[in-house]
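The structure appears below as structure tokens.
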Amino acid sequence: MAHGSIPDHWLDEVAAIAVAAGQRILEIYQRPFEVQHKEDGSPLTEADRVAHELIIAGLSRLAPGLPVLSEESASVDYRERSGWARYWLVDPLDGTREFVKRNGEFTVNIALIDEIQPVLGVVHVPVTGVTYLGLRGAGAWKVEGGRRQAIHARSYCGGRATVVASRSHRGAAVDHFLKRLEAREGAYDTASFGSSLKLCLVAEGAADIYPRLGPTSEWDTAAAQCVVEAAGGRVIDLHGRPLRYTKPDILNPWFLVTGAGDYDWHAFLDHAS
């Protein structure tokens with residue numbers, strides 16, 4: 001399963017690191033834990049820190065000297081990050097709000113960034129044990145119950161769509177998007193999830209569109225974007241361009257996650273936004 005200069009074993013090794021981090025997260029999830037808050041008001045738990053430390057150690061053993069940028073890392077100045085041709089981008093616990101709510105919809109995200117794009121991605125779901133894998137140019141897979149199966153994004157050609165909505169964030173822009181969709185295509189189905197699971201639903205062909213018309217950071221999206229793109233879908237900004245990484249601002253623009261095909265989802269956007 002080689003891809004370019006990515007060693008054959010890296011995808012499986014990174015998946016094993018994510019699974020190990022998920023096991024540590026579950027140990028904390030199953031007992032009482034304290035919730036602190038960062039300066040921006042977002043929650044932080046012992047699980048975030050423990051998973052971060054385990055992942056950093058594992059990736060450092062796998063690829064000594066390759067930089068790692070994690071949500072729980074100390075801030076790294078853009079002047080330093082901009083010189084990284086290749087690095088790991090990690091969210092040790094994506095969906096901390098879901099973790100605190102104990103609804104199970106949180107993930108471990110690990111991506112390899114190469115020249116501003118994700119080329120390897122692993123999204124692990126600790127509560128279910130499911131892992132999504134993506135390798136640019138090679139394909140995408142879902143591992144469940146020890147079984148590894150290729151996944152493919154589906155193509156939407158109109159009619160009743162399945163729309164993924166955020167569990168913790170939605171907002172007026174998404175409501176406007178859905179009203180326009182309904183006016184053109186009729187009734188739609190919705191699936192509400194937290195964390196990177198939203199992107200993975202599109203990647204595995206279980207949903208058609210995920211409009212993320214709100215703030216996210218690069219570590220929230222990189223791993224799942226790789227899975228979506230390797231499965232034949234797209235993760236694009238409101239101008240139709242793929243999300244890119246190693247930007248001066250770690251925040252992403254608003255974006256759409258779409259399946260295969262060329263359906264014009266941008267028609268439902270409020271372009272005044």
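The values are calculated or read from the model by the stated rules, or taken from the named source; none is laboratory data. From a predicted model like this one, the values you see are computed outputs, not experimental measurements. Note that each Cβ is placed from the backbone with ideal geometry, even for glycine, and that neighbours are counted across all protein chains shown.
Of all residues in the stretch 22-50, exactly one satisfies the criterion of being aromatic (Phe, Trp, Tyr) and farther than 18 Å from VAL125 by Cα, namely PHE33.
Restricting attention to the stretch 178-234, the residues being more than 14 Å from the chain's Cα centre (by Cα) and among the charged types (D, E, K, R) number 7. Going by the structure shown, is VAL14 touching a strand residue (DSSP E or B) at 6+ places or on another chain (Cβ under 6 Å) and either of a type in the set (Phe, Trp, Tyr) or assigned to a helix (DSSP H, G or I) (or both)? Spelling it out, VAL14 is indeed touching a strand residue (DSSP E or B) at 6+ places or on another chain (Cβ under 6 Å) and either of a type in the set (Phe, Trp, Tyr) or assigned to a helix (DSSP H, G or I) (or both). Restricting attention to the stretch 124-146, and to residues there that are over 17 Å from ALA206 (Cβ atoms) and in a strand (DSSP E or B), which single residue is nearest to the chain's Cα centre (by Cα)? Applying the filter and picking the extreme gives HIS124. The number of residues in the stretch 162-212 being on the phi > 0 side of the Ramachandran plot and either touching a His at 6+ places or on another chain (Cβ under 8 Å) or hydroxyl-bearing (Ser, Thr, Tyr) (or both) comes to 2. Annotation note: of ILE28, ILE113, ILE6, ILE56, the sole residue that is surrounded by fewer than 22 Cβ atoms within 10 Å (Cβ to Cβ), in contact with a Lys or Arg (Cβ under 9 Å, 6 or more places away or on another chain), on the phi < 0 side of the Ramachandran plot and among the hydrophobic types (A, V, I, L, M, F, W, C) is ILE6. Of the residues making up the stretch 225-241, none is assigned to a helix (DSSP H, G or I), touching a strand residue (DSSP E or B) at 6+ places or on another chain (Cβ under 9 Å) and either of a type in the set (Ser, Thr, Tyr) or assigned by TED's automatic domain parsing to the domain that holds ARG136 (or both). Being hydrophobic (A, V, I, L, M, F, W, C), exposed (fewer than 14 other Cβ atoms within 10 Å of the Cβ) and modelled with pLDDT under 95 is a property that ALA172 has.
Could you please give the count of residues in the stretch 235-259 that are closer than 16 Å to ALA153 by Cβ and out of contact with any helix residue (DSSP H, G or I) (no Cβ under 7 Å at 6 or more places or on another chain)? Qualifying residue count for the region: 3. For the stretch 147-173, a residue qualifies if it is within 22 Å of PHE106 (Cβ to Cβ) and in a loop (DSSP other than H, G, I, E, B), and the qualifying residues are ILE151, ARG167, SER168, HIS169, ARG170, GLY171.
Conditions (1) outside the structural domain of ARG97 (by TED's automatic domain parsing); (2) under 9 Å from PRO92 (Cα atoms); (3) part of a loop (DSSP other than H, G, I, E, B); (4) among the small types (Gly, Ala, Ser), marked per residue:
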residue: GLY41; (1), (2), (3), (4): no, no, yes, yes
residue: ASP48; (1), (2), (3), (4): no, yes, no, no
residue: HIS52; (1), (2), (3), (4): no, yes, no, no
residue: ALA57; (1), (2), (3), (4): no, no, no, yes
residue: ARG61; (1), (2), (3), (4): no, no, no, no
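Within the stretch 74-102, residues that are at positive phi and part of a loop (DSSP other than H, G, I, E, B) sit with their Cβ atoms under 8 Å from residues that are crowded, with 21+ Cβ neighbours inside 10 Å and of a type in the set (Ser, Thr, Tyr), at 6+ positions apart or across chains, in these pairs: GLY95/THR107; GLY95/SER195; GLY95/SER196.
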